[in-house]
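Taken together, the values in this text are just the output of simple stated rules run on the coordinates, not laboratory data. None of the values given here were measured: they were computed from a predicted structure.
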Amino acid sequence: MVSRRFPPWLLKRLPVPSKAHSVKALMRKKNLFTVCEEARCPNLFECFAQGTATFMIGGDICTRTCGYCAVEKGAPAPLDADEPRHVGEAAARLGLHHVVVTMVNRDDLPDGAAGHVVETIEAIRERLPRATVEVLVSDFLGDFSAVEKVVRAKPDVFNHNVETVRRLFRKTRPKGDYERSLRVIGMAREIDPGMTTKSGVMVGLGEGGDDVLALMDDLRRPDVDCRIITIGQYLQPRKKGIPVSEYIHPDTFARYRAAGEDKGFAHVFAGPFVRSSYNAREAMLAARGDMGGDAEGDPEGRSFMTGDMSGQNIAVGGAGLPMYT
């Protein structure tokens, strides 16, 4: 059920769940995890119903304690050596044209699980040689050799999410580092200047417009040169999570979109339901100049934009309204 306490641009009609259940069943059969489920993404049923999912590798326990994330925290189990093969098999079974692989932070491992990411890329390419592959990776604690391992495996998109603005970073990501995250994206471009790099940010955490514009400037610094940015509404995933500060109006997202384009991003995907791995293939195609790369549905909330761009954000006041259940 969808809470009526959400503004209208955050209400979504759920599809018939039968196809979604078949995707879930396939993941359980292969002992795989999806970030869609673990992070309680509001687009889950839509994507599953379309036969798509974002694989989450390295297990389902994260070594970091970010308050915005629903993934379980703690001491993870050893890596599953069969996981890369199972991801390749599941991707082939789903007939994916663009495979997105994300991961939990594995600070307990010497390479942060970079080698595991590489094995997964290779397993996908073995099963689906024509598919494009996007990886959404951790910061590997800033380890250049770990980033290099992944980049040398030639994913089509190298993604690392900054997640929030500089001013809120330490509070939101206590075990992360803002400059380190920027450095990781820059490393990928340094190792392979042709690499399509990508980063995502959540809004509605208490940032201001100037904070978001400054983040864009940082991502477009010559030593970072991020190509794609995604900007989406933060929704509190669990009761103990960081509360939502405000619901961002689609007009504000439109202003961010225009600003990002002016700053030189190859593609800006910004809206209430935008997530880093949502419509990822369309974002990649758009960044490459393929005008056919349009997102399905209305994740950017364009139908709720006002003619005079006067739409206002809605302050929550720390109430911490729950997201979809």
Could you list which residues have their amide H under 5 Å from that of Tyr68, counting only those 5 or more apart in sequence or on another chain, with H placed in the peptide plane? Ile242
Taking amide H positions as placed 1.01 Å from N in the peptide plane, with prolines and chain starts having none, which residues 5 or more places from Val99, or on another chain, fall under 5 Å of its amide H? Thr132, Val133, Glu134
Using modelled amide H (1.01 Å from N, peptide plane; none on Pro or chain starts), what sits under 5 Å from the amide H of Thr54, excluding residues fewer than 5 places away? Val35, Cys36
What are the semi-axes of the equivalent ellipsoid of the stretch 18-314, taken as the square roots of 5 times the eigenvalues of the Cα gyration tensor, listed largest first and rounded to whole Å? 27, 21, 20
Applying the Karplus parametrisation 6.51 cos²θ - 1.76 cosθ + 1.60 with θ = phi - 60° to the phi angles of the stretch 215-229, what ³J(HN,Hα) value in whole Hz is obtained for each residue in order, glycine and proline being reported as x? 4, 4, 4, 5, 5, 9, 4, x, 7, 10, 6, 5, 9, 10, 10
Whole-Hz couplings from phi, Karplus 6.51/-1.76/1.60, listed for the stretch 278-289; x for Gly and Pro: 7, 6, 5, 5, 4, 5, 5, 5, 4, 5, 8, x
Under Karplus coefficients 6.51, -1.76 and 1.60, residue-wise ³J(HN,Hα) of the stretch 235-242 in Hz, glycine/proline x: 10, 4, x, 7, 4, 8, x, 4
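Using the eigenvalues of the Cα gyration tensor, what equivalent ellipsoid semi-axes result for the stretch 122-211 when each is taken as the square root of five times the eigenvalue, whole Å, largest first?
Details: eigenvalues 149, 41, 25 Å².
Equivalent ellipsoid of the stretch 122-211: 27, 14, 11 Å, largest first.
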